[in-house]
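Chemist: Take this structure first; my questions come after.
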């Protein structure tokens, strides 16, 4: 194969995340079912970039399997070091486990977080306001989702410092597609959750661990300790970088587009809708891979059975064919029917409502208390990793 297709898609990481959007547009327009071919690392995979193709693959778990992992690298499961978590399961196994966990993510359960989240956000925003400046990622946007994930997992307040340390190690390693880099944190968390499982067996709470410990799969079996650890790992890895990526990107958009900020200051009731637009434009999880279980024809191409296919959610969410000619523009009043920011179908993010709640409250309080805030995207530093686009640090000033 000629070098052109290889050059059309290049995995991004760290600084190269700054502007992947021209590459996405080129893929959508010139080669929407793109074969990367065999890379220097030996990976051979395909890339889907248009909304219709990514959406169809996301909802078809029978053809596009998660069982071999979510990166474009082969042998991902072997590198994991723990039993495959729920995100690497297909229905019906995935469905049975998700059904138990989702009981703790009902609208009522998520809504009950409002006071806790708002108290935390207000404290951190006031700290930034008093100082006048700071790294908004370190001060607010990283610790906020860690607090919420710890709550859902039933981690006691006195253990939160330990949990935060494990979280940062696992999120960083997972973003790079190889959690073996956080083997120490994974091992410590496994021991900790072993104790937490036994505690919840004796004294159940309203958390996910309790729901799994006292639940039964469709077969009538108990949920194994390995599956419970896998769920904890999934919530830690997925619940943190998605929310921090969304909010860091949202603050950048509000700094660049003062007219859109003015609309939210004029009517804070618009913030919930604005979160949907920020999700669409930032798409923190830029893409995840699936593995084909059969030869599949998309448009005029045939993807062979057994190959990885990267679903580019971020490209799909800017597809003019779905969102019109203004797809690349920020419009906090845009009426959005659906996006792929949290995936779709069987693997739709279980914590989507919690992420939306955190984003809405954080933006409401930042705009209310620091209406003239600015961030400096050029001085911001992007985190490494091929699949999640998020700031690692982002300078913030409470007043413009």
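Chemist: Of all residues in segment 14-28, which are at pLDDT 95 or above and surrounded by 12 or more Cβ atoms within 10 Å (Cβ to Cβ)?
Modeler: Here is the first cut: in segment 14-28, the residues at pLDDT 95 or above are 15-28.
Answer for segment 14-28, where residues must be at pLDDT 95 or above and surrounded by 12 or more Cβ atoms within 10 Å (Cβ to Cβ): 16, 17, 18, 20, 21, 23, 24, 25, 26, 27, 28.
Chemist: Cβ-Cβ distance below 9 Å, separation of 6 or more or different chains: which pairs start in segment 7-27 with a residue that is free of Cβ contacts under 8 Å to residues at least 60 places away in the same chain and at positive phi and end on one that is surrounded by 15 or more Cβ atoms within 10 Å (Cβ to Cβ) and assigned to a loop (DSSP other than H, G, I, E, B)?
Modeler: Pairs that qualify, where the first residue is free of Cβ contacts under 8 Å to residues at least 60 places away in the same chain and at positive phi and the partner is surrounded by 15 or more Cβ atoms within 10 Å (Cβ to Cβ) and assigned to a loop (DSSP other than H, G, I, E, B): there are none.
Chemist: Let me ask something else about it. Whether any residue in segment 307-316 is under 19 Å from residue 242 (Cβ atoms), in contact (Cβ under 8 Å) with a residue 60 or more places away in the chain and out of contact with any helix residue (DSSP H, G or I) (no Cβ under 9 Å at 6 or more places or on another chain) is what I want to check.
Modeler: Within segment 307-316, one or more residues are under 19 Å from residue 242 (Cβ atoms), in contact (Cβ under 8 Å) with a residue 60 or more places away in the chain and out of contact with any helix residue (DSSP H, G or I) (no Cβ under 9 Å at 6 or more places or on another chain).
Each row is one residue, and each column tells you yes or no for (1) modelled with pLDDT under 95; (2) over 30 Å from residue 114 (Cβ atoms); (3) surrounded by fewer than 19 Cβ atoms within 10 Å (Cβ to Cβ); (4) within 21 Å of the chain's Cα centre (by Cα).
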| residue | (1), (2), (3), (4) |
| --- | --- |
| 318 | no, yes, no, yes |
| 321 | no, yes, yes, no |
| 368 | no, no, yes, no |
| 375 | no, no, no, no |
| 378 | no, yes, yes, no |
| 382 | no, yes, no, yes |
| 385 | yes, yes, no, yes |
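Chemist: Run down 304, 284, 268 and say which single residue is crowded, with 23+ Cβ neighbours inside 10 Å and either within 16 Å of residue 366 (Cα to Cα) or modelled with pLDDT of 95 or more (or both).
Modeler: 284
Chemist: Only helices (runs of 4 or more DSSP H) wholly contained in segment 297-400 count here; list those with 2 or more residues that are over 30 Å from residue 98 (Cα atoms).
Modeler: Working: elements: 313-316, 320-323, 352-369.
The qualifying helices (runs of 4 or more DSSP H) are 320-323, 352-369.
Chemist: Is it fair to say residue 352 is out of contact with any strand residue (DSSP E or B) (no Cβ under 7 Å at 6 or more places or on another chain), closer than 23 Å to residue 51 by Cβ and free of Cβ contacts under 8 Å to residues at least 40 places away in the same chain?
Modeler: Working: out of contact with any strand residue (DSSP E or B) (no Cβ under 7 Å at 6 or more places or on another chain): yes; closer than 23 Å to residue 51 by Cβ: yes; free of Cβ contacts under 8 Å to residues at least 40 places away in the same chain: yes.
The answer is yes for residue 352.
The values are calculated or read from the model by the stated rules, or taken from the named source; none is laboratory data. All values reported here derive from a predicted model rather than from experimental measurement. For neighbour counting, all protein chains shown are included, and Cβ atoms are generated from backbone atoms with ideal geometry for every residue, glycine included.
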